[in-house]
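Peer 1: The structure follows.
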Amino acid sequence: MARFFRRPVRTPKAPVIAPGDYLGVLSEEFHLSKDAVLTAIRAVGIDTEHVREDQMDLLREVLSCKTHNLDRYKSKDPGYEDVLDGEVRSFNEIYVDTAPIIQMDWFLHFVADMEPILKRRKKKLLILEKTMEELHGLKDNPEKDKEVRIRATIRPDLIRSLAKQGLVRIGDTGSEGIADDHLVKLFSRIGMNEDVLLITQDRGLSERIVKLAHEQQSVQRQPYPQTFWEKLMHKELRYPARHTMVVCKLTEGGILRRCYVCPDCGESYYDQVSDCDGVVPCSKCIMDHKVRGEQEMDALKKKQEAEALKAQREAYLKSRPTVEKVIQRRKRQAAFLTLAIGIVVIIILCIVL
Ligand SMILES: [Zn+2]
């Protein structure tokens, strides 16, 4: 997970904005006094005298998390709620890992779009207690990027507010924490009884869960045991329902992209969320199959043409007059002629005598 929190390559710094310029804008946008804006910004360790132009969106994140108002992060596409609803409605549990919570402002977009769906479907996002501890550790870690530290500072407050509203449940995984091995074990247990969606940016963990889900799908389900009378009456066997585990990552704008693993090349890739097994050939392998299929078809066609030509040639050779055939035919003709002459001679001799 550490790779998500690495310091990015520094680009040249944007110009600094005077407090008089940005405080007015933000206090109007968030209906807060300038002092309240200043206090909120100072609280996360931003030098209010040296705010750069490219930090304005981060300041908006700080104030949105502080005021617990994510309206500005809702999708502008009126049809998107239905799309997202279609993607998440079949899941009983939706786990959110640490990295998607602090990667850019994507979690804010996701929560803003999920809010009406969670309320309508009476579901909750599940954030593990260990994730909260991890956020706490990140906010004071001087090795991490400043923006990561700020996001790790402001998100827990928002998450607790969402928990109070009944949109988030902060779950405990026990003392083993959120190490990948433990999470895989946790999901293998939960995935047998529930339809689970895990949102994580960790590709390695995603691949393990996709493969695990595929294995669980392939296992033959055992029927429920029948009573003596059910057996006697030849009642139909009942099987436990199949459950699925799906892994997605958050992308720009809080859009979900599902992790798939290609069975041919073994590589993982991300694509739109669809209701199927997560082990699906990638576009490169599908293309390879197509090209290989076309090549095989060409080879087969050429082979059939060659065989037809060969058969034609053999038929010609069979029917072609050969020296041997001509001699035999002449021999047959000579024998017939001799026989005919013999018969005629015998008939004449019989008449004369
Ligand atoms: Zn592939």
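The values are calculated or read from the model by the stated rules, or taken from the named source; none is laboratory data. These figures come from a predicted structure and were not determined experimentally. So basically every Cβ, Gly included, is an ideal-geometry build from the backbone, and we count neighbours across all protein chains shown.
Peer 1: For the range 54-84, what are the residues that are outside any helix (DSSP H, G or I) and small (Gly, Ala, Ser)? I'd like the intermediate steps shown before the answer.
Peer 2: We begin by selecting, within the range 54-84, every residue outside any helix (DSSP H, G or I); these are 68-70, 74-79.
Matches in the range 54-84: Ser75, Gly79.
Peer 1: Also, quick follow-up: Residues to consider are Met132, Met104; find the one that is assigned to a helix (DSSP H, G or I) and either surrounded by fewer than 21 Cβ atoms within 10 Å (Cβ to Cβ) or not aliphatic (A, V, I, L, M) (or both). Spell out how you get there, then give the answer.
Peer 2: Working: Met104 fails: assigned to a helix (DSSP H, G or I).
Within the list Met132, Met104, the selection yields Met132.
Peer 1: Among (1) part of a helix (DSSP H, G or I); (2) farther than 25 Å from Phe107 by Cα, where does Gln222 come up short?
Peer 2: Here Gln222 meets the rest and fails (1).
Peer 1: Further question on the same structure: List the strands (runs of 3 or more DSSP E) inside the range 229-346, counting only whole elements, that have at least 2 residues being at pLDDT 95 or above and more than 16 Å from the ligand (Cβ to nearest atom). Full working, then the answer.
Peer 2: Values: elements: 245-251, 255-261, 268-271.
The strands (runs of 3 or more DSSP E) meeting that bar are 245-251, 255-261.
Peer 1: Determine which single condition Arg149 fails, assuming it passes every other condition in (1) out of contact with any Leu (no Cβ under 9 Å at 6 or more places or on another chain); (2) surrounded by 17 or more Cβ atoms within 10 Å (Cβ to Cβ); (3) not aliphatic (A, V, I, L, M).
Peer 2: Result: Arg149 passes all but (1).
Peer 1: Six or more apart or on different chains, Cβ under 8 Å: which pairs go from a residue in the range 251-273 that's touching a residue at least 60 places away in the same chain (Cβ under 8 Å) to one that's more than 10 Å from the ligand (Cβ to nearest atom) and small (Gly, Ala, Ser)? Could you list them?
Peer 2: Correct list of pairs: Gly253/Ser75; Gly254/Ser75; Gly254/Ala112; Ser268/Ser206.
Peer 1: Of these, Glu207, Glu215, which one is without any contact (Cβ under 8 Å) to a residue 60 or more places away in the chain and either surrounded by 14 or more Cβ atoms within 10 Å (Cβ to Cβ) or in a helix (DSSP H, G or I) (or both)? Full working, then the answer.
Peer 2: Details: Glu207 fails: without any contact (Cβ under 8 Å) to a residue 60 or more places away in the chain.
Selected residue: Glu215, the only one of Glu207, Glu215 that is without any contact (Cβ under 8 Å) to a residue 60 or more places away in the chain and either surrounded by 14 or more Cβ atoms within 10 Å (Cβ to Cβ) or in a helix (DSSP H, G or I) (or both).
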